[in-house]
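Trainee: One structure coming up, written as structure tokens, with questions to follow.
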Amino acid sequence: MWFETPTELDRNFFSSLDKFCDLIKPTGNKIFDTYSKSIYKKNLLQRKNELVNRMRVLATKRNLLENYKRNIVIYEQKVREHNWAYQTMEQREKYQKIYSYLCLFNNAVKRKIEMDKISKEYFNCKNEVIAIETATQDEFYKNQLKNLKLADIYYQSLSRTFVNYLKAHPNTEFAKKHNLNVKNFNRTFFENHLEEIKNLNPERDIQK
């Protein structure tokens, strides 16, 4: 091939690394920063609709469990055979599904655990919706999502170079410190150790 990925962390690598860091730099908006990396590749309108629908389902489940004693009596009556004549097949299936769901949580401790789980998921969905609305209504945040897409391109090149560096230098102090090799290297590791990787630049001390 006319080009081979270098095995040394050269000036081009560290220049690209600085650009990568700028592209993924947090905005300071806590909700946006938390969810931006999970939404930047998605169709935002479609994802928002999915989240809103999910929130409706979660709210319904929460209501059923919060008012458990009342609801279990209501739906126990609804699924009894003598009521079938007054119900459509669709209604009958719906009532049975709800009753079966309630029966799963006849234990108060299990209900509390499930309600906490529902509340946590609802909170996450709500904040992701806020992040999406922020990104679609504000040009600055819209550009931040574009930056994350561009950062992916930079990472592809950076990771190839870094993996080749690890192959050529498996016993560096950095690799030994983190028990790092080409098999356990990934983007999470890379992003969690950006400052240490920057310090591998032999020119950094000169530049300070």
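Trainee: Filter segment 113-147 for residues that are under 19 Å from residue 60 (Cα atoms) and more than 18 Å from the chain's Cα centre (by Cα); which is surrounded by the fewest Cβ atoms within 10 Å (Cβ to Cβ)?
Mentor: Here the answer is 116.
Trainee: Residue 97 - would you say it is open to solvent by 60 Å² or more (accessible area, probe 1.4 Å), farther than 30 Å from residue 24 by Cβ, assigned to a helix (DSSP H, G or I) and modelled with pLDDT of 95 or more?
Mentor: yes
Trainee: Another question about this same structure. Looking at (1) in a helix (DSSP H, G or I); (2) open to solvent by less than 50 Å² (accessible area, probe 1.4 Å), which is the only condition residue 160 fails?
Mentor: The number of the failed condition is (2).
Trainee: Specify which of the listed residues (44, 58, 65) is touching a Cys at 6+ places or on another chain (Cβ under 8 Å) and within 22 Å of residue 120 (Cα to Cα).
Mentor: Result: 58 is the single residue among 44, 58, 65 that is touching a Cys at 6+ places or on another chain (Cβ under 8 Å) and within 22 Å of residue 120 (Cα to Cα).
Trainee: Can I ask one more? Give all pairs with beta carbons closer than 6 Å in which a residue from segment 112-131 that is closer than 19 Å to residue 67 by Cα meets a residue that is among the hydroxyl-bearing types (Ser, Thr, Tyr) and buried (at least 17 other Cβ atoms within 10 Å of the Cβ); count only pairs at least 6 apart in sequence or on separate chains.
Mentor: Pairs that qualify, where the first residue is closer than 19 Å to residue 67 by Cα and the partner is among the hydroxyl-bearing types (Ser, Thr, Tyr) and buried (at least 17 other Cβ atoms within 10 Å of the Cβ): there are none.
Trainee: Sticking with this structure for a sec: Output the residues belonging to segment 190-201 that are closer than 15 Å to residue 161 by Cβ, part of a helix (DSSP H, G or I) and either over 20 Å from the mean Cα position of the chain (by Cα) or free of Cβ contacts under 8 Å to residues at least 12 places away in the same chain (or both).
Mentor: Across segment 190-201, the qualifying residues are 194, 197, 198.
Results for (1) within 30 Å of residue 190 (Cα to Cα); (2) among the acidic types (Asp, Glu); (3) modelled with pLDDT of 95 or more, shown as yes or no for each residue.
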site	(1), (2), (3)
9	yes, no, no
15	yes, no, yes
20	yes, no, yes
40	yes, no, yes
43	yes, no, yes
49	no, no, yes
54	no, no, yes
61	no, no, yes
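Trainee: Do you know which residues across segment 9-60 are open to solvent by 50 Å² or more (accessible area, probe 1.4 Å) and polar (S, T, N, Q)?
Mentor: 12, 15, 34, 38, 43, 46, 49, 53, 60
Trainee: What number goes with the only condition from (1) touching a residue at least 40 places away in the same chain (Cβ under 8 Å); (2) surrounded by 15 or more Cβ atoms within 10 Å (Cβ to Cβ); (3) over 30 Å from residue 192 (Cβ atoms) that residue 66 does not pass?
Mentor: (2)
Trainee: Which of the residues that make up segment 100-112 are open to solvent by less than 80 Å² (accessible area, probe 1.4 Å) and either at pLDDT below 90 or not hydroxyl-bearing (Ser, Thr, Tyr) (or both)?
Mentor: Narrowing segment 100-112 to residues open to solvent by less than 80 Å² (accessible area, probe 1.4 Å): 100-103, 105, 107-108, 111.
Those that are open to solvent by less than 80 Å² (accessible area, probe 1.4 Å) and either at pLDDT below 90 or not hydroxyl-bearing (Ser, Thr, Tyr) (or both): 102, 103, 105, 107, 108, 111.
The values are calculated or read from the model by the stated rules, or taken from the named source; none is laboratory data. Given the structure is predicted, the values throughout are model-derived calculations rather than measurements. Cβ sites come from the backbone with ideal geometry, for glycine too, and all protein chains shown count toward neighbours. The area values use the complete protein model at the heavy-atom level, side chains included, leaving out ligands, DNA and RNA. Shrake-Rupley method; radii C 1.70, N 1.55, O 1.52, S 1.80 Å.
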